[in-house]
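Notes to accompany the following structure.
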Amino acid sequence: MRIFAEHGGESVAVDANGNIYIAAGQVFVYNPAGELIDTIDIPERPSQLLFGGSDSSTLFVLARTSLYAVRTRYPGR
């Protein structure tokens, strides 16, 4: 067992390329090797992540008072 990412969070989602999305204050995106590759800024603290939409390339981010939608490069798994 090893530490994969320095950010723990409330929710995790994975895309088709194996990138890991972690809701932890913002949405942090790690590649399969555990390297931080992106941060998605959300106006509120995210609590739940889910891929959806007609092509599964929309990351839905549930926050305390709102639901946000972010288009991603790769579809969810």
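Things worth noting here:
- For Glu35, solvent-accessible area (1.4 Å; no DNA, RNA or ligand), Å²: 110 Å²
- Accessible-area composition of the range 2-77, carbon plus sulfur, in percent [1.4 Å probe]: 51 percent
- The calculated FRET efficiency for Glu35 paired with Asp55, based on their beta-carbon distance and R0 = 30 Å, is about 0.70.
- When +1 charges are put on Lys and Arg Cβ atoms and -1 charges on Asp and Glu Cβ atoms, the dipole computed for the chain relative to its Cα centre reaches about 120 debye.
- Considered as an equivalent ellipsoid built on the Cα gyration tensor, the chain has semi-axes of 19, 16, 9 Å, the largest given first.
- Accessible area (Å², 1.4 Å probe, nearest 10) - Val14: 40 Å²
- With all protein chains kept in place, the per residue accessible area of the chain amounts to 62 square angstrom at a probe of 1.4 angstrom.
The values are calculated or read from the model by the stated rules, or taken from the named source; none is laboratory data. Please read all numbers here as calculations on a predicted model, not as lab measurements. Reconstructed Cβ throughout: ideal geometry from the backbone, glycine too, with neighbour counts over all protein chains shown. Each accessible area value is taken on the protein alone, full model and side chains, heavy atoms only, with ligands, DNA and RNA left out. Shrake-Rupley method; radii C 1.70, N 1.55, O 1.52, S 1.80 Å.
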